[in-house]
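Novice: I have a structure I would like to understand better, so I am pasting it below and will then ask my questions one at a time.
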Amino acid sequence: MTPQRIGILGGAFDPPHIAHVAMAEAAIVQFQLDELIVVPTGKAWHKPRDLSNGEHRAAMARLAFSHIRQARVDEIELNREGASYTIDTLRSFSEQYPDAEFYLFIGEDQGKALATWHEIREIAQRAIICVAEREMSEFSDSDAPSHDIPTQALKLPNLPHSATQVRARVAQGQAIDALVPPTVALYIQSHHLYLPAR
């Protein structure tokens, strides 16, 4: 029997934007996933700034990925006490789905920094690590990852959106309709997220 193919797409999703959705859709098609688990980051040890409330990030993720039949949002990291590590999440999912084949999807920047990840060798044993590569991306020698961890490429259209850009535009009172799904834009507006402190 063919093992179930399960993808894991983690991220702050602060907020989730069009490029996140494109990544999820491409992952499902390219790797023929049976399920894609979207995991909003809990207490991220590597993030220099405080993240928005986890409840808001999970709600926005549900809205952003709701049209994708294979995708579901899991709050496993938001419910975990203390620092949140990918390896803990992978171990937990491995117990839930002992016969599944796991695919871990990460962005280009994270792909270059894999050597710094907590328990990266075990992560690589438990999951096939797939690094997003934008079509227009021009790799120079300095961009080459400085590690020997095996990865596969997730081919993506060139969508240079970032959550930082979205937050900045909201703070400046600019439109974000082209950057996030309509339901997410509405959620941000109705909950007054990312506005400058008064």
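Novice: Under a crude label model (7 Å from the Cα following the beta-carbon direction), how far is Asp50 from His192 in nanometres?
Specialist: Each label point lies 7 Å from its Cα, and together they span 1.7 nm.
Novice: Further question: Calculate, for Glu81 and Val29, the FRET efficiency according to 1/(1 + (r/R0)^6) with r their C-beta to C-beta distance and R0 30 Å; round to the nearest 0.05.
Specialist: Given R0 = 30 Å and the Cβ-Cβ separation, E is 0.25.
Novice: Please list, ordered by chain and number, the residues whose modelled amide H lies under 5 Å from the amide H of Glu35; skip anything fewer than 5 residues away on the same chain.
Specialist: Arg5, Gly7
Novice: Tell me the mean residue ellipticity at 222 nm calculated for the chain from its helices only (DSSP H runs of n ≥ 4, each -39500 (n - 2.57), averaged over every residue, nearest 500).
Specialist: So the helix-based figure for the chain works out to -9500 deg cm²/dmol.
Novice: Along the positive direction of the dipole of the chain (beta-carbon charges: Lys, Arg +1; Asp, Glu -1; about the Cα centre), which of Leu78, Ala113, Ala197 reaches farthest?
Specialist: Value computed over the given set: Ala197.
Novice: Work out from phi, with θ = phi - 60° and the Karplus expression 6.51 cos²θ - 1.76 cosθ + 1.60, the ³J(HN,Hα) of each residue of the range 162-176, listed in order in whole Hz, and give x for Gly and Pro.
Specialist: Result, rounded to whole Hz: 9, 5, 4, 4, 4, 4, 5, 5, 4, 4, 8, x, 9, 5, 10.
Novice: Rank the residues Thr151, Thr2 as a footprinting-exposure proxy: fewest other Cβ atoms within 10 Å of their Cβ go first.
Specialist: Ascending number of Cβ neighbours within 10 Å: Thr2, Thr151.
None of the figures in this text is laboratory data; all of them are computed from the coordinates on show. These figures come from a predicted structure and were not determined experimentally. Counting neighbours? That spans all protein chains shown, and the Cβs are built from the backbone with ideal geometry, glycine included.
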